[in-house]
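Before any comments, here is the structure.
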Amino acid sequence: MKEHSEEPGSLVHRPVMLLETLEWLDIRQDRWYVDANLGGGGHTRAILDRGGCVLAIDRDAKAVERFLEETGSRYSGRIVTVRGNNAEIAHHVREAGVTVSGILFDLGWSTLQGGESERGLSFSEEGPLDMRLDTTSEETAEDLLERLPENDLADLFAEGDEPLALPIARALVQARKSGRLPRTTTDLAAFVSGVYYRKGFRRSKRHPATRVFMALRIRVNREYENLEKSLSGSREVLAEKGGRLLVLTFHSGEDRIVKRTFRQWVAEGEANFLFRKSLPPGEAEVRENPRSRSARLRGVSFGGG
């Protein structure tokens with residue numbers, strides 16, 4: 001979601017809604033901002049290039065290493081990187097010893113991560129059914145397919161807005177009983193496509209397996225649970241000194257959590273909307289980067305920030 005391929009076989013960094021996020025973060029010289037999902041580093045670089053300082057967090061050790069290798073000492077003194085979970089954002093900010101003026105969450109996973117076939121995040125290339133952003137975590141997508149009963153699998157896929165959640169779950173359990181459970185990303189994509197074909201669904205622009213992969217990735221990485229903790233931690237960081245919190249979502253489940261949380265804070269008088277309705281990407285950006293079409297930006301401010 002954060003980036004897309006400029007041409008087949010290449011991975012070009014393209015942060016989504018960059019101008020909008022920079023504008024609403026209100027970047028000021030030498031003030032500190034948190035990029036809670038470093039990914040390919042596009043938002044972080046843009047903040048640094050505008051004179052801001054950044055505490056950048058990512059669960060993916062490779063993402064942090066890649067960013068440091070690419071930037072070297074260019075932003076020395078103005079960048080702190082943390083390999084960790086943004087659900088612990090308040091702890092990371094306290095450890096860095098900085099006063100934060102703004103926090104950005106970009107919940108789309110990086111194309112650079114998806115392009116690493118050993119992660120199993122994409123079905124464009126064959127890879128294991130892993131899907132862990134933090135490779136020290138224990139449970140993989142294959143583990144879920146191996147152990148979850150039919151109803152739980154169906155609920156998992158339904159959380160990803162999969163219209164054929166139950167038929168896909170039922171087919172997977174039957175395949176598991178007969179020893180034919182998909183073991184690779186391409187096998188699972190073909191398996192889901194087969195269920196769609198048997199149900200008479202016609203092929204659309206979106207691959208039939210898209211929602212199933214997304215639902216598995218969300219569960220493996222506990223993304224909903226982490227998001228709620230991350231939002232709570234962000235409020236803790238910003239409530240006293242003031243500042244702005246922006247969240248870029250790419251899925252209705254994520255957006256519902258952010259929308260509900262922001263409304264509650266505003267109703268309690270703890271925050272103010274920066275803009276009442278979520279902002280979509282512009283038409284030009286969607287044409288240039290079709291993957292950005294599902295993005296929605298929401299923002300609140302604390303203490304007049």
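What follows is calculated from the coordinates using simple rules that are stated; it is not laboratory data. Computed from a predicted structure; not experimentally measured. Methodologically, a virtual Cβ is constructed for each residue, glycine included, from the backbone with ideal geometry; neighbour enumeration extends over all protein chains shown.
A few comments on the model shown:
- The chain: angle of helix 185-198 to the longest principal axis, Cα-based, in degrees nearest 10: 60 degrees
- Excluding same-chain neighbours fewer than eight residues apart, the lysines reachable from Lys277 by a Cα-Cα span under 22 Å are Lys2, Lys259.
- Angle between the chain longest axis and helix 252-267 axis [Cα atoms, degrees, rounded to 10]: 30 degrees
- In degrees, nearest ten, helix 150-159 long axis to first principal axis of the chain (Cα): 40 degrees
- Across the options Met131, Gly40, Trp265, the greatest Cα extent toward the positive end of the charge dipole of the chain (unit charges at beta carbon of Lys, Arg, Asp, Glu) belongs to Trp265.
- With the convex hull drawn around the C-alpha atoms of segment 138-220, the volume per residue stands at 85 Å³.
- The orientation-averaged projected area of the convex hull spanned by the Cα atoms of the chain comes to 16.0 nm².
- 10 Å beta-carbon shell around Leu245, net charge (K/R +1, D/E -1): +3
- Linear extension gain, Tyr197 paired with Glu270, 0.36 nm per residue minus alpha-carbon span: 21.3 nm
- Nonlocal amide H pairs with Val80, under 5 Å, H built at 1.01 Å: Val54, Leu55, Ala56
- Listed by chain and number, the lysines placed with their C-alpha closer than 22 angstrom to that of Lys241 are Lys229; residues fewer than eight positions away on the same chain are left out.
- Using a cutoff of 8 angstrom between alpha carbon atoms and counting only pairs six or more residues apart, the relative contact order for the chain works out to 19 percent.
- Per-pair calculated FRET efficiency, R0 = 30 Å: Asp143 and Arg206 via Cβ, rounded to 0.05: 0.70
- Which of Leu297, Asn226, Ala215, positive extreme of dipole for segment 180-305 (C-beta unit charges): Ala215
- Anisotropy class of segment 227-295 from Cα gyration tensor, a/c 1.5 cut: prolate
- In a reduced charge model with +1 at each Lys and Arg Cβ and -1 at each Asp and Glu Cβ, the chain shows a dipole moment near 920 debye about its Cα centre.
- The charge dipole of segment 138-220, taken about the Cα centre with unit charges on the Cβ atoms of Lys, Arg (+1) and Asp, Glu (-1), comes to about 640 debye, rounded to the nearest 20.
- Counting every other Cβ atom within 10 Å of each residue's Cβ, His207, His43 order from fewest to most as His207, His43.
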